[in-house]
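Q: Right, I'll just put the structure down here and ask away after.
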């Protein structure tokens, strides 16, 4: 098992090569949580710059979006079609329809 410093060096090298966190964890013999903590530590030390996640932050539906969802649904659009049109997850559309009393 590598020491903490050796593990930090491995995490830094693999992360900078673009290796996914899951693969880094396997390589180091640690959990993904431990690798994320190491990445936080490396970033605080200025040794790496974190990549942006591939998922967007959750953002609330605006009143305009809720109205648009209502209108699209009532005009016969499917949840899938609405989700694609608004670039939102289907689960968000289902939640909005439930909130609007339409599901």
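Only the coordinates and a few stated rules stand behind these numbers; no lab work does. The model shown is predicted, which means the values in this text are computed figures rather than measured ones. Here the Cβ positions follow ideal geometry from the backbone for every residue, glycine too, while neighbour counts run over all protein chains shown.
Q: Once the Cα gyration tensor of segment 4-44 is found, what semi-axes does its equivalent ellipsoid get, as square roots of 5 times the eigenvalues, in whole Å, sorted largest first?
A: Taking √(5λ) for each eigenvalue gives 12, 11, 10 Å, largest first.
Q: Follow-up. In degrees between 0 and 90, to the nearest 10, how far off the longest principal axis of the chain does helix 90-99 point, with axes built from Cα atoms?
A: 50
Q: Starting from the 7 Å offset along Cα-to-Cβ, what nm value, one decimal, do you get for the label separation of residue 70 and residue 45?
A: For residue 70 paired with residue 45, the spin-label model returns 5.5 nm.
Q: Mind checking the angle between helix 4-16 and the chain's longest principal axis? C-alpha axes, 0 to 90 degrees, to the nearest 10.
A: That works out to roughly 50 degrees.
Q: Right, next: May I ask you to derive the relative contact order of the chain, considering only C-alpha pairs under 8 Å and at least 6 residues apart, and to give it as an integer percent?
A: It comes to 16 percent, rounded to a whole number.
Q: For all pairs of alpha-carbon atoms in the chain, what percent lies in each bin of width 10 Å, listed from the first bin to the last filled one?
A: Taking every Cα pair in the chain, the percentages come to 13, 33, 11, 18, 19, 5, 0.
Q: Oh, and also: Quickly work out the residue 34-to-residue 87 label distance, labels modelled 7 Å from Cα along the C-beta direction, and quote it in nm with one decimal.
A: For residue 87 paired with residue 34, the spin-label model returns 3.9 nm.
Q: Compute the FRET efficiency between residue 78 and residue 99 as 1/(1 + (r/R0)^6), taking r as their Cβ-Cβ distance and R0 = 22 Å, and round to the nearest 0.05.
A: 0.75
Q: Related question: Angle between the Cα long axis of helix 63-74 and the longest principal axis of the chain, 0 to 90 degrees, nearest 10?
A: Its long axis makes an angle of about 60 degrees.
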